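Note sheet for the following structure.
The values are calculated or read from the model by the stated rules, or taken from the named source; none is laboratory data. Computed from a predicted model, the values in this text were never measured in an experiment. Quick reminder, even Gly has a Cβ in these numbers, built from the backbone with ideal geometry, and neighbours come from all protein chains shown.
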Amino acid sequence: MLEEYRSKNVEVYSDKEWLEADATEERVPEKKTAFTDFTKKLFRHKGAIVGAVIIFLFIFSAIFAPLLTPYDYDVPDISSVLEAPSGTHLFGTDEFGRDILTRIVYGSRISLEVAFIAVFFSLILGTVLGAIAGYYGGVVDYIITSITDIAWSFPTTLLAIAFIAALGTGVQNVIIAIALASWSGYCRVVRGQFLSLKQREFIEAARVLGMSDARIIFGHILPNALTPVVVMATLELPKAIVIEASLSFLGLGAQPPVPSWGVILDSGKGLLDMAPWVSFFPGLMIMIVVLGFNLFGDALQDVIDPNSQ
Amino acid sequence: MVPVLILMTLIVFMIFYFAPGDPVSRIAGPNVTQEVYDNIMQKHGLDQPFVVQYFKFAKSVVKGDLGISILQDRPVVEMIRERLPVTLQIGLLGFLITFIIAIPAGVIAAVKKNTVVDYLCMSGSLLGIAIPTFWFGMLLLYVFAYKLRWFPISGDGTIKQLVLPAFAIGLTNAAITARMVRSSMLEVLKQDYVRTAKSKGLYEKTVVYSHALKNAMIPIISLMGLRLGWIIGGSVALEIIFSIPGIGRLMVDSILARDYPVVQGAMIVLTSSIIFANILADILYSVVDPRIRYS
């Protein structure tokens, strides 16, 4: 039995080891190797590296936007209206003579802000709802699951548009709308995890010890249920970026002169024949950033759970 | 289905009921006299409690009455009826293109796993997933309408106006669908009955197409229902890019003009069609796979 586990690379302690492991110093190195093993695997994955580089560049340009470009994103320059890409304006200029590259670099700040905040809140919302549904079961579970299933079957963009219709336009409302429209995935995953984890012995033990529900849910089950949630969040970030861009493109999100990628695309829509570069480059940026997050998220999933495809 | 529809109308109603801002000023503007204000309150039943208002709303939705547009002063149903066909046409055409491309690509990639063909299909799919649908639509518009002049630049009412938006939607959706077809197919190819079929000497092609594909299609069918919703959601931006007067465009215009009854009506129609598509997929699912029974 022991040999079988050992051969499968599962951590197994003999009685003596267990006693030693009780001293905390003994267990720390174990954890460390598991973590380094994980990072090693991740950085042997080609997709993970490409994805990580793209994400790094994206975050870097968002943070250091003012240092990266000599131009201002919202100062018109009538001497250089609708210039094609050249040495001075790498991505060309728009109808007000503003440098497209500059606007894209500043736009990455909005994409980054919206994506991270919206995903953070939808993750919290979905996780808490999923935890409650999975842990308590019964009527509570039925109600939460029904609402989740409906939210799940609707395209996120359409739901976000509905919330924008109620809330009004603007970057802040886009964040709220995306958060409210995309929590259902987390809820489903967390609920599933809770359903199986709450049957396990260590939870039984916690209950017998008289721990409060909140402590069992947040202290004991949730930490064990978080891995798939983190992977999911990595894959939700690019979706949030695209939804923000689509909403702004439709005039329902960020409003000009805010240099959101969607706003730039919208301004390029009418100039497609005259100045295709205005809409070409922001779209290309969205594609590259989304690709980066998807590659990284897929790699994360591969490394954590090699059996999934 | 009924509870789902009830919940859906409740959600749509709630979104607008709890929206910040005074409903009367949404209808009549901010500067009205007290008398006009009270009149509007009464006319639209806004002075009634939430539950009463919701039941009134739900009752008229069931009767097929979606209210009257504030801006155009016409029944919302009439406006939607004019706009719905073109959206459905784009959606169905896009849906067809999605599966005509995705199923062969996914099957070939799975059968030829880890070969050049597989890598090509999967790289294409990775790119397709990353491309924003509306931007892809703009690229198609630029190349095929502005440069090559094969298709009209804006909606001209002919069948030709549907081709580019349908391709934009079909190709981007095909990317993600092909990936799912591939993994579903790989799952099936691992099964014992496939190995049995192979070992009793059947041709590779017979095994793949008549044994494996049939079983791999089962999860794909329920996927189709979900995809249809996404296709409808994606067509909103495309209708704007290609200047096609569909329901998505109507919805966006009405949101910007704060014409709430039209927004609500469009939402109800779009969401019920998505629910309907999902139910259809479920039924189809149980027909294809006799192991599944709905009680």
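Inside the stretch A:198-222, can you point out the residues that are within 16 Å of residue A:128 (Cβ to Cβ) and part of a helix (DSSP H, G or I)? Of everything in the stretch A:198-222, those that are within 16 Å of residue A:128 (Cβ to Cβ) and part of a helix (DSSP H, G or I) turn out to be A:213, A:214, A:215, A:216, A:217, A:218, A:219, A:220, A:221, A:222. Looking at B:105, B:110, just one residue is touching a Ser or Thr at 6+ places or on another chain (Cβ under 9 Å), more than 14 Å from chain A (Cβ to nearest Cβ) and either surrounded by fewer than 14 Cβ atoms within 10 Å (Cβ to Cβ) or modelled with pLDDT of 90 or more (or both), and that residue is B:105. Annotation: of all residues in the stretch B:1-35 being in a loop (DSSP other than H, G, I, E, B) and within 11 Å of chain A (Cβ to nearest Cβ), the one that is modelled with the highest pLDDT is B:18.
The residue list A:106, A:186, A:135 contains one member that is of a type in the set (Phe, Trp, Tyr), touching a residue at least 12 places away in the same chain (Cβ under 8 Å) and closer than 30 Å to residue A:84 by Cα, which is A:106. Among the listed residues B:199, B:210, B:286, which satisfies the condition of being within 26 Å of residue B:173 (Cβ to Cβ) and of a type in the set (Ser, Thr, Tyr)? Of B:199, B:210, B:286, the one residue that is within 26 Å of residue B:173 (Cβ to Cβ) and of a type in the set (Ser, Thr, Tyr) is B:286. For the stretch A:117-126, state whether one or more residues are touching a helix residue (DSSP H, G or I) at 6+ places or on another chain (Cβ under 6 Å), in contact (Cβ under 8 Å) with a residue 40 or more places away in the chain, closer than 24 Å to residue A:260 by Cβ and within 14 Å of chain B (Cβ to nearest Cβ). Within the stretch A:117-126, none of the residues are touching a helix residue (DSSP H, G or I) at 6+ places or on another chain (Cβ under 6 Å), in contact (Cβ under 8 Å) with a residue 40 or more places away in the chain, closer than 24 Å to residue A:260 by Cβ and within 14 Å of chain B (Cβ to nearest Cβ). Restricting attention to the stretch B:205-247, the residues that are outside any helix (DSSP H, G or I) and either polar (S, T, N, Q) or crowded, with 19+ Cβ neighbours inside 10 Å (or both) add up to 4. Assess whether residue A:102 counts as being away from chain B (no Cβ under 14 Å), touching a Ser or Thr at 6+ places or on another chain (Cβ under 6 Å) and not acidic (Asp, Glu). Considered against the rule, which asks whether it is away from chain B (no Cβ under 14 Å), touching a Ser or Thr at 6+ places or on another chain (Cβ under 6 Å) and not acidic (Asp, Glu), residue A:102 comes out as yes.
Filtering B:166, B:145, B:178, B:130 for residues that are touching a Ser or Thr at 6+ places or on another chain (Cβ under 6 Å) and at pLDDT 85 or above leaves a single hit, B:178. Within the stretch B:187-203, one or more residues are out of contact with any His (no Cβ under 7 Å at 6 or more places or on another chain), within 13 Å of another protein chain (Cβ to nearest Cβ) and in contact (Cβ under 8 Å) with a residue 40 or more places away in the chain. The set of residues from the stretch B:222-268 being more than 18 Å from residue B:88 (Cβ to Cβ), among the small types (Gly, Ala, Ser) and facing chain A (nearest Cβ under 9 Å) comprises just one member, B:254.
Annotation note: Cβ proximity below 8 Å between a residue of the stretch B:225-236 that is among the basic types (Lys, Arg) and a residue that is part of a helix (DSSP H, G or I) (sequence gap 6+ or interchain) occurs for B:227/B:95; B:227/B:98; B:227/B:173; B:227/B:177. Among the residues of the stretch B:226-238, none qualifies, meaning not one is touching a Lys or Arg at 6+ places or on another chain (Cβ under 7 Å) and either at pLDDT 90 or above or within 15 Å of residue B:169 (Cβ to Cβ) (or both). Here is the figure for the stretch A:170-179: residues that are surrounded by fewer than 21 Cβ atoms within 10 Å (Cβ to Cβ), under 10 Å from residue A:160 (Cα atoms) and not β-branched (Val, Ile, Thr) total 1. The set of residues in the stretch A:257-306 being among the acidic types (Asp, Glu) and within 30 Å of residue B:154 (Cα to Cα) consists of A:266, A:273.
In this structure, residue A:174 qualifies as touching an Asp or Glu at 6+ places or on another chain (Cβ under 7 Å) and either closer than 23 Å to residue A:290 by Cβ or among the acidic types (Asp, Glu) (or both).
Residues considered: A:252, A:271, A:247, A:284. Of these, the only one that is in a loop (DSSP other than H, G, I, E, B), farther than 16 Å from residue A:96 by Cβ and of a type outside the set (Lys, Arg) is A:252.
This table checks each residue for (1) under 15 Å from residue B:87 (Cβ atoms); (2) among the β-branched types (Val, Ile, Thr).
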site	(1), (2)
B:127	no, no
B:146	no, no
B:152	no, no
B:156	no, no
B:160	no, no
B:168	yes, no
B:172	no, yes
B:178	no, no
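Could you count how many residues in the stretch A:148-165 are among the small types (Gly, Ala, Ser), over 17 Å from the mean Cα position of the chain (by Cα) and buried (at least 23 other Cβ atoms within 10 Å of the Cβ)? So the answer is 2.
Considering only the stretch B:269-276, I want to know if a residue exists there that is more than 19 Å from residue B:56 (Cβ to Cβ), surrounded by fewer than 16 Cβ atoms within 10 Å (Cβ to Cβ) and aromatic (Phe, Trp, Tyr). Scanning the stretch B:269-276, I find at least one residue that is more than 19 Å from residue B:56 (Cβ to Cβ), surrounded by fewer than 16 Cβ atoms within 10 Å (Cβ to Cβ) and aromatic (Phe, Trp, Tyr), so the answer is yes.
From the list B:174, B:216, the one residue that fits, being away from chain A (no Cβ under 12 Å) and within 21 Å of the chain's Cα centre (by Cα), is B:174. Out of A:123, A:101, A:112, which single residue is modelled with pLDDT of 90 or more and in contact with a His (Cβ under 9 Å, 6 or more places away or on another chain)? So the residue among A:123, A:101, A:112 that is modelled with pLDDT of 90 or more and in contact with a His (Cβ under 9 Å, 6 or more places away or on another chain) is A:101. Could you tell me which residue of the stretch A:243-295 is farthest from the chain's Cα centre (by Cα), considering only residues that are within 10 Å of chain B (Cβ to nearest Cβ), among the small types (Gly, Ala, Ser) and closer than 27 Å to residue A:51 by Cα? The residue in question is A:279.
Scanning the stretch A:248-259 for residues that are at pLDDT 90 or above, surrounded by fewer than 17 Cβ atoms within 10 Å (Cβ to Cβ) and either among the acidic types (Asp, Glu) or farther than 21 Å from residue A:304 by Cβ (or both) turns up at least one hit.
Residue A:133 falls short on exactly one of the conditions (1) surrounded by fewer than 24 Cβ atoms within 10 Å (Cβ to Cβ); (2) closer than 21 Å to residue A:214 by Cα, and that condition is (1).
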